1. Which residues, taken from the stretch 119-145, are surrounded by 14 or more Cβ atoms within 10 Å (Cβ to Cβ) and either closer than 13 Å to LEU57 by Cβ or in the same structural domain as ARG200 (by TED's automatic domain parsing) (or both)?
2. Out of contact with any Ser or Thr (no Cβ under 6 Å at 6 or more places or on another chain), crowded, with 19+ Cβ neighbours inside 10 Å and under 19 Å from PRO20 (Cα atoms) - does that describe any residue in the stretch 190-200?
3. Starting from residues that are outside any helix (DSSP H, G or I) and of a type in the set (Asp, Glu), keep the ones in the stretch 1-10 and report whichever is farthest from ALA137 (Cα to Cα).
4. PHE116: of a type in the set (Phe, Trp, Tyr), without any contact (Cβ under 8 Å) to a residue 60 or more places away in the chain and not assigned by TED's automatic domain parsing to the domain that holds ARG194, yes or no?
5. Taking the stretch 75-93 only, how many residues are free of Cβ contacts under 8 Å to residues at least 60 places away in the same chain and either out of contact with any Ser or Thr (no Cβ under 8 Å at 6 or more places or on another chain) or in a helix (DSSP H, G or I) (or both)?
6. Residues that are of a type in the set (Val, Ile, Thr): list the strands (runs of 3 or more DSSP E) wholly contained in the stretch 94-205 that include at least 3 such residues.
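The values are calculated or read from the model by the stated rules, or taken from the named source; none is laboratory data. Fair warning: this is a prediction, and the values are worked out from it, not measured in the lab. Virtual Cβ from ideal backbone geometry, glycine too; neighbours counted across all protein chains shown.
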Amino acid sequence: METLDFVREQKPIYLPKQEPVVVDVPEMLFLMIDGEGQPDGGTPEHNQVFQAAVGALYGLVYTIKFSDKKGNAPEGFLKFKVPPLEGLWWMKDGEAFDMKRPGEWCWTLMIRVPDFVTDKTIAEFADELEQKKGPGAYKSVRLERFIEGPSVQVMHIGPYDTEAQTIRKMHAFAAANGYRLKGHHHELYFGDPRRTKPERLRTVLRQPVVKTEL
């Protein structure tokens with residue numbers, strides 16, 4: 001059975017260059033979980049909630065991925081490669097995403113999954129994980145279809161805390177090409193910050209846009 005690989009099959013969406021481009025992002029199916037606050041260097045509570053959310057997403061997606069080996073694969077199961085973790089980011093006050101105000105961030109973490117995954121799949125595997133590992137954030141994870149459509153995106157290489165300049169370049173590109181921003185700031189994380197040197201981290205920065213009316 002061939003393994004489904006979203007990144008390989010949709011490279012323009014997942015692997016942009018270091019200069020901004022416009023892409024049309026289609027509808028996709030995601031595991032999602034919400035939270036708020038600065039995830040790294042923020043309050044202990046914010047750090048804990050963020051790590052629990054990451055753990056819940058990866059726990060569920062890998063349980064789904066290896067369910068065929070345990071004999072409890074969902075109907076229509078396909079082998080798939082787990083794609084990168086993604087995050088939507090916005091401000092509590094509704095203003096444009098601001099790197100300088102991390103204490104006011106809100107976020108949705110997400111991992112794309114194949115279309116055979118259903119709400120029933122998530123509920124059953126969340127129960128299984130809680131029985132094995134104890135209470136966690138598994139039951140806070142939801143399944144949701146998400147579409148962004150036209151978006152400006154760019155590959156940022158370097159530490160997360162140096163993204164501001166790349167974000168400004170992305171926004172300037174959008175304005176210069178007749179677009180206005182809409183929706184949430186979106187990031188796709190290639191590389192594990194626990195194992196990758198900060199200067200080598202790759203993060204896709206994406207911003208949905210709409211053409212400005214003349």
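1. ILE122, PHE125, ALA126, LEU129, GLY136, ALA137, TYR138, LYS139, SER140, VAL141, ARG142, LEU143
2. No, every residue in the stretch 190-200 fails to be out of contact with any Ser or Thr (no Cβ under 6 Å at 6 or more places or on another chain), crowded, with 19+ Cβ neighbours inside 10 Å and under 19 Å from PRO20 (Cα atoms).
3. Applying the filter and picking the extreme gives GLU2.
4. The answer is yes for PHE116.
5. Adding up the residues that qualify gives 6.
6. 149-157
Residue-by-condition table, conditions (1) in contact (Cβ under 8 Å) with a residue 24 or more places away in the chain; (2) farther than 29 Å from GLY103 by Cα; (3) not aromatic (Phe, Trp, Tyr):
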{"residue": "PRO16", "(1), (2), (3)": "yes, yes, yes"}
{"residue": "MET28", "(1), (2), (3)": "yes, yes, yes"}
{"residue": "GLU36", "(1), (2), (3)": "yes, no, yes"}
{"residue": "ASP40", "(1), (2), (3)": "yes, no, yes"}
{"residue": "ALA56", "(1), (2), (3)": "yes, no, yes"}
{"residue": "LEU60", "(1), (2), (3)": "yes, no, yes"}
{"residue": "PHE66", "(1), (2), (3)": "no, yes, no"}
{"residue": "GLY71", "(1), (2), (3)": "no, yes, yes"}
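So that you can scan it fast, the table gives a plain yes or no per residue for (1) modelled with pLDDT of 95 or more; (2) over 22 Å from ARG194 (Cα atoms); (3) touching a strand residue (DSSP E or B) at 6+ places or on another chain (Cβ under 7 Å); (4) not aromatic (Phe, Trp, Tyr):
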position: VAL21; (1), (2), (3), (4): yes, yes, yes, yes
position: ASP24; (1), (2), (3), (4): yes, yes, yes, yes
position: MET28; (1), (2), (3), (4): yes, yes, yes, yes
position: GLU36; (1), (2), (3), (4): no, no, yes, yes
position: PHE50; (1), (2), (3), (4): no, no, yes, no
position: LEU57; (1), (2), (3), (4): yes, no, yes, yes
position: TYR62; (1), (2), (3), (4): yes, no, no, no
position: LYS65; (1), (2), (3), (4): yes, yes, yes, yes
